[in-house]
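The values are calculated or read from the model by the stated rules, or taken from the named source; none is laboratory data. This structure is a prediction, so every number in the text was calculated from the model and none was measured. So basically every Cβ, Gly included, is an ideal-geometry build from the backbone, and we count neighbours across all protein chains shown. Just so you know, the surface numbers come from the protein's heavy atoms only, side chains and all, with ligands and any DNA or RNA stripped out. Shrake-Rupley method; radii C 1.70, N 1.55, O 1.52, S 1.80 Å.
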Number of protein chains: 2
Amino acid sequence: MVTSLRERRRLQTGRDIQMAAVTVALRNGLDNTTTEAIATEAGISTRTFFNYYNNKHAAILGDAVRIDLIGAGWFAGSQNPVIDDLAHLLGQAAHDHPLDRALLLKILEVIEAHPALQEMFRTRLDETTVLVTEMLNARLGDDMAVEARLLASLATQALTEAVMTWVADDSLGLDAITTLIATRLRSVTQILMQSDTHAGPL
Amino acid sequence: MVTSLRERRRLQTGRDIQMAAVTVALRNGLDNTTTEAIATEAGISTRTFFNYYNNKHAAILGDAVRIDLIGAGWFAGSQNPVIDDLAHLLGQAAHDHPLDRALLLKILEVIEAHPALQEMFRTRLDETTVLVTEMLNARLGDDMAVEARLLASLATQALTEAVMTWVADDSLGLDAITTLIATRLRSVTQILMQSDTHAGPL
DNA sequence: GCATATTGTTGCACAGTGTGCAATGTTTTC
DNA sequence: GAAAACATTGCACACTGTGCAACAATATGC
């Protein structure tokens, strides 16, 4: 973890800009938030803003909304239930990531007020979905490609829901995320099996 | 189905613009596709372009990528397996919608080359997901809100995959979509249950 | 038919977005 | 401390998207 002065400044500036973006967006509304306003709030030039983020949406989400999966070769060959492995994999990812509850709350507040931001939010999630799909492909085999995509999309969505729950509840630790994912995936499985052998009573 | 001259023209112009947008995007690449180029290709002014679509991405997707659920009160109270009901609901929606295979193929070709378009694609799907979520909520009860969202997202994704398969295979009729959704959801359920009672042999 | 209301198209002005480039600063390297 | 590497900025420029007002095309009522 070698952090030169440059690296630290670059990281800090990136965070400063994000903070400025979120602040201005909450204060003035996203529509009245120009890149110029964000830059001024962050104490930099407009041009520099674009050296850090492609647009104001990206600046608001920053790196906060982004999940990286780390070395998980164990996944392909595991004999444990898929649900537990997925929950563990994604829970671990959330665990390793510096999730900032306060910041996330603010970001979610902006997103809630401005659906336009959800687009980029989903795109970020899709990056994770692609990674999960690859892992599921390795585990299930190539003839299950479609199922792998479906399952990956479901799992990623479960992660999102779990993080939402975690964000909203101070008493929850990061470990709760793994549990939440597993529990809910089991719950969904139950519903999917409902009356599949046959219909229940009225 | 009263179609005044105005209505017909408006619809036709909308389609003309979409065609122009897809054509230019395939010819020059999305990055070299200006709204001006699209407008010229469609034989209208730039200003008029923006009277029809908010931006070039929307113009390319047009109304083709958009699924409406129609009156489906039956869903909430049905006693059939959830999987079959979801497949029927979504299959019916695809059925009622004027899906144009050739146009969809072109659109998908543009999307494939330009991931930026996927954002709006997903946003369109999300509209459907929201509707499905509401129906599942009515069926499952409010204490299953999270599960409803997960399931809706899975089902919508299944619909997308089914449409993809349908688009790519001339021999498939629209009815195949319902079957594909049901089959794959069952397949996913199987995977989710895998070794959940307990681990299989090596 | 014809007058009038409604809706559609267009040009124009204008604020905002995003990028290439070159000048100027700042940090790193040796 | 000189030279390389990288960061910040201003400037020019092409493109996006919207409000507004003029004008054209269609619809409506008589």
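Worth a mention:
- Across the stretch B:127-140, not a single residue is classified as farther than 16 Å from residue B:72 by Cβ and either of a type outside the set (Ser, Thr, Tyr) or not assigned by TED's automatic domain parsing to the domain that holds residue B:30 (or both).
- Number of residues in the stretch A:47-91 that are within 16 Å of DNA strand C (Cβ to nearest atom) and open to solvent by less than 50 Å² (accessible area, probe 1.4 Å): the value is 9.
- Positions within the stretch B:30-81 being assigned to a helix (DSSP H, G or I), away from DNA strand D (no atom under 12 Å from the Cβ) and without any contact (Cβ under 8 Å) to a residue 60 or more places away in the chain, in sequence order: B:41, B:42, B:74
- Screening residue A:25 on (1) away from DNA strand D (no atom under 16 Å from the Cβ); (2) open to solvent by 30 Å² or more (accessible area, probe 1.4 Å) shows it passes everything except condition (2).
- So residue B:187, is it modelled with pLDDT of 95 or more and part of a loop (DSSP other than H, G, I, E, B): no
- Selection within the stretch B:164-186 - away from chain A (no Cβ under 13 Å) and open to solvent by 80 Å² or more (accessible area, probe 1.4 Å): B:170, B:171, B:175, B:179
For every residue, the table says whether it meets (1) modelled with pLDDT under 95; (2) outside any helix (DSSP H, G or I).
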position: B:98; (1), (2): yes, yes
position: B:120; (1), (2): yes, no
position: B:155; (1), (2): no, no
position: B:195; (1), (2): yes, yes
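- Condition check for residue B:27: in a helix (DSSP H, G or I), without any contact (Cβ under 8 Å) to a residue 40 or more places away in the chain and within 16 Å of DNA strand C (Cβ to nearest atom): no
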